[in-house]
Amino acid sequence: MDVVDRDELPSAARDLSTIVINTSLKPDPSMSHTGRLMDTSENIMRKAGTKITHIHLADHDVPPGIFSDMTQNGFDTDEWPSIWSAISDADIIVVGTPIWLRQESSLCRKLVERLYGMSGKLNDEGQSIFYGKVGGAMITGNEDGLKHCEANILYALQHLGCTIPPQADCGWIGKVGPGPSFGDRQDSERPAGFDSDFTQRNTTIMTWNLIHAARLLKDAGGLPSYGNDRNAWKDCDRFGFELPHPVAD
């Protein structure tokens, strides 16, 4: 097996593109604790050579729905088509959300619904348009629900067709209950969470696993289409639908 020279790793993502979508409820991106954690992953990717597109969803007029353009379904405006264009071009999709009552934010659920509205689109191989993309999740908060939110997001992304690499999630909840959120200034010199080896380690591992998986998929030309081409799956072997033995009367 070929071993990648560590000196080559900083350019491992040289032709990859990443879209980072922060579903914080805060209208000011600079005040988003989730955004502060996502900055850590973005910095690693940027140093590795990937192109970063950052979307603060609260900045955009994106109505709820499961259609590609909700102006054709009763809404006056919908900025989703332009956001989708950036998602469509990306190799890596990272979704970030705060925790509220053990759940991801309402904006995060709306994002998942709008992504689901694109699930009928196919690539040139007849696969879901999400095939060949890699997905990850980043969570912040000061209450329980970290892994629950990660599970919801990663399940949705893989169901749509994204590849989920090992440990494609990270987060920080600090002490459960009222208290500082990620990045808040404290009496100590470092903001809350910045000295958490657990969070910093998992964020680093998640980011590099996303890069490695995207690199493998891109170099391989995506996933093979045999058996998952929605237009030709009936032409593939269908042994699973055949009875293994004759049925006795």
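The values are calculated or read from the model by the stated rules, or taken from the named source; none is laboratory data. Quantities reported herein were computed from a predicted structural model and do not represent experimental measurements. With ideal geometry, Cβ positions are generated from the backbone for all residues, glycine too; neighbour counts draw on all protein chains shown.
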Note to self: For the list (1) at pLDDT below 95; (2) surrounded by fewer than 17 Cβ atoms within 10 Å (Cβ to Cβ); (3) of a type outside the set (Ser, Thr, Tyr); (4) in a loop (DSSP other than H, G, I, E, B), I need the number of the one condition that LYS234 fails.
What the structure shows: (4)
Notebook entry, point to check: Is it fair to say PRO178 is part of a loop (DSSP other than H, G, I, E, B), surrounded by fewer than 19 Cβ atoms within 10 Å (Cβ to Cβ) and either touching a Lys or Arg at 6+ places or on another chain (Cβ under 8 Å) or at pLDDT 95 or above (or both)?
Noted result: no
Margin query: Here are the criteria: (1) in contact with a Leu (Cβ under 6 Å, 6 or more places away or on another chain); (2) at pLDDT below 95. Tell me which single one LYS147 does not satisfy.
Written below: (1)
Next item on the list: Among what's in segment 38-93 and is more than 22 Å from LEU25 (Cβ to Cβ) and charged (D, E, K, R), pick the residue that is surrounded by the most Cβ atoms within 10 Å (Cβ to Cβ).
Entry: ASP91
Check: Is it fair to say SER119 is touching a residue at least 40 places away in the same chain (Cβ under 8 Å) and under 14 Å from ILE21 (Cβ atoms)?
Finding: no
Notebook entry, point to check: Would segment 32-50 turn up any residue that is at pLDDT 95 or above and part of a loop (DSSP other than H, G, I, E, B)?
Noted result: no
Item checked: Residue tally, condition of a type in the set (A, V, I, L, M, F, W, C), farther than 22 Å from LEU16 by Cα and part of a loop (DSSP other than H, G, I, E, B), over segment 82-116 -> 1
Next item on the list: Could you tell me whether TYR155 is of a type in the set (Ser, Thr, Tyr), surrounded by fewer than 23 Cβ atoms within 10 Å (Cβ to Cβ), farther than 24 Å from ASP39 by Cα and modelled with pLDDT of 95 or more?
Entry: no
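Here is a yes/no grid of residues against (1) within 21 Å of LEU101 (Cβ to Cβ); (2) touching a Leu at 6+ places or on another chain (Cβ under 9 Å); (3) at pLDDT below 85; (4) not in a loop (DSSP other than H, G, I, E, B):
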{"site": "PHE130", "(1), (2), (3), (4)": "no, yes, no, no"}
{"site": "HIS159", "(1), (2), (3), (4)": "no, no, no, yes"}
{"site": "HIS212", "(1), (2), (3), (4)": "no, no, no, yes"}
{"site": "TYR226", "(1), (2), (3), (4)": "no, no, no, no"}
Next item on the list: Out of the residues in segment 94-137 that are β-branched (Val, Ile, Thr) and under 29 Å from GLY49 (Cα atoms), state the one that is surrounded by the fewest Cβ atoms within 10 Å (Cβ to Cβ).
Entry: ILE129
Notebook entry, point to check: Somewhere in segment 197-209, is a residue closer than 28 Å to ALA48 by Cα, at pLDDT below 95 and of a type in the set (Lys, Arg)?
Noted result: yes
Item checked: Pair list, Cβ < 9 Å and 6+ apart or interchain, from segment 217-230 residues that are at positive phi to residues that are among the hydroxyl-bearing types (Ser, Thr, Tyr) and part of a loop (DSSP other than H, G, I, E, B) -> GLY222/TYR131
